[in-house]
Structure formats: C-alpha cells, structure tokens
Amino acid sequence: MQTFKDRLLFLFGNDTGPTQIAKQIGMTFQGFTRIWYDGGIPKAETLIKIREVTGCDLTWLLTGEGSPFPDESQQTKLLDSTSLLLDKDSTSMVYDVLGHTVNVDDFVFIPYYEVKAAAGSGYYNSDENHTLVLAFRKYWIKNYLRADPNHLSVITVKGDSMEGVLNDGDNILVNHANNKPGSGLYVIRIGEDLIVKRVQSLPGGRLLITSANEAYAPFEVDISSPASDVSIIGRVEWFGRYI
C-alpha cells in the first residue's frame, strides 16, 4: 500500500469506486478526482473525516507506516464484513423481454456520472452524482478493451467541436487507467473544466489539443510544469449515440 489511493482501497474495499468514497467522506466527485486520479493528498479536515468513517490511524493513512487500525477489533470487523460478502452466492438470474434467462454475472455495471465533457471550449461540471449504470459484457471489457472495469466510467459529451467524431449528447466510456500522455481521444481536466478532444503527445511534456470542427483552433498545454492545472482524466474507449 505505497500510495494514498492504495490505502483508500484497503479501507473502503477494492470494489468501491470514487463516487461512493467521495459521498461517504462528504466530498464532491470533482474534488475527489484530484486525490483519486492525480495522486493528491486531501486537506486535514478530509483526512479527519476518513478517520471518523473508517476508524483508521491518521499516521498510517498519510504515510502507510504502522497499523491501519490501532484498535484491532475494528480490523476484525472489516475482515468479517468482507468474508460475508465473499460467502454470498454471486449468481443472479433475470429475464429479458422475451422471457429468456440472462446471467447477470456475464455483465459489469459501469457508473454513469452526471457530468459533461465539453466538445468545445470547456464546460463546468457542478453535478457529479452517480445516479445510473450502463451494462457491458465482461467478455467485451476483458478481451476487446483489455480494461479493468473498476477504472471505467461513462459521461456525456457537450458541444460541437468534435462534431462528426463525437456529437453533442453522446455517451462516452472513459478508461481512467489510460491517463498518461498519448495520442487519441481523451478527456482532459483544465482547471475546473472537462473537455474531450483529440490529443497528440509532443516532446517536452506538451500536448497538442485539436478539434474535429475546424471552427475551433488547436492549442497546446504543458502537463510537465508543476504550475500546470491540467491532467488527463482518461482515454475514450467507446461511445453510444441516439439516432
């Protein structure tokens, strides 16, 4: 558990996503992304809240040194809860509209967040609630995307700068594990805004950001600078569209 995120996953469970953790500790999803995806350390009041929720030791939470639970009964309680979950029968059967059985275990349910990535010049995201999920086949996620479902989320495109590639209202599947400089379609945070653009990696830690719509001029950002308030949220792996 070398990183702060590793310690969060230990406390809240490997199957717990950033939205659930943010909700439990009283943070917005947008604020929590800087901890979850950018490797930031939260403020003191947030650390105290995590301790209140989990009962963990603050020194361990910050540094990874020592015991996560000074009171061993708390650790035992956590392990007992995990064992109960593992003992449950995970096979669940439901029916499609024709009455045929469907094995739910063939699917993963990816959270859909009420945020929008602007295909334009930036769209402020003030509502980060996880209210819906989209079902994807595990086989497709594993064998075609070769992705970890825990690193995926679905958000909506806003604007017309990527018109013809990604249109206004499209739902996009974002792989947050692919958050290193590269070339392709990426969701990027610039300040408080999320944008979805075509990205090209340039020498010196710079990124060339271009649009499909020629009305929007390309521009460069430098993600290597310590003063840069830019981060790569993830690569776009799939989109869905109303006709």
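The numbers here are math on the coordinates, done by the rules we state, and not lab data. Just so we're clear, the structure is a prediction, and the values are computed from it rather than from any experiment. Don't worry about glycine lacking a Cβ; one is built from the backbone with ideal geometry, like all the others, and counts go over all protein chains shown.
Within 12 Å, Cβ to Cβ, of His176, how many net charges do the neighbouring residues add up to if Lys/Arg are +1 and Asp/Glu are -1?
Charge balance in the 12 Å sphere: +1.
Taking a ≥ b ≥ c as the square roots of the eigenvalues of the Cα gyration tensor of region 1-74, is the shape rounded (a/c under 1.5), prolate (a/b larger than b/c) or oblate?
It is prolate, given that a/c is not under 1.5 and a/b is the larger ratio.
Which loop-located GluC sites (Glu not before Pro) does region 202-238 contain, where loop means any DSSP state but H, G, I, E or B and the Cβ has at most 15 other Cβ atoms within 10 Å?
For GluC sites (Glu not before Pro) across region 202-238 that sit outside H, G, I, E and B with at most 15 neighbouring Cβ atoms in 10 Å, the list reads Glu214.
Return Trp238, Trp140 ranked ascending by Cβ neighbour count within 10 Å, so the fewest neighbours appear first.
Trp140, Trp238
Over 22 Å between Cα atoms: which of Lys5/Lys49; Lys23/Lys49; Lys116/Lys142; Lys158/Lys197 fall into that group?
Lys116/Lys142
Roughly how far apart, in whole Å, are the Cα centres of region 171-207 and region 1-28?
23
Mind listing the phi-derived Karplus ³J(HN,Hα) values for region 55-62, rounded to whole Hz, using 6.51, -1.76 and 1.60 with θ = phi - 60°, and x for any glycine or proline?
Listing the rounded values in order: x, 6, 7, 5, 4, 5, 4, 7 Hz.
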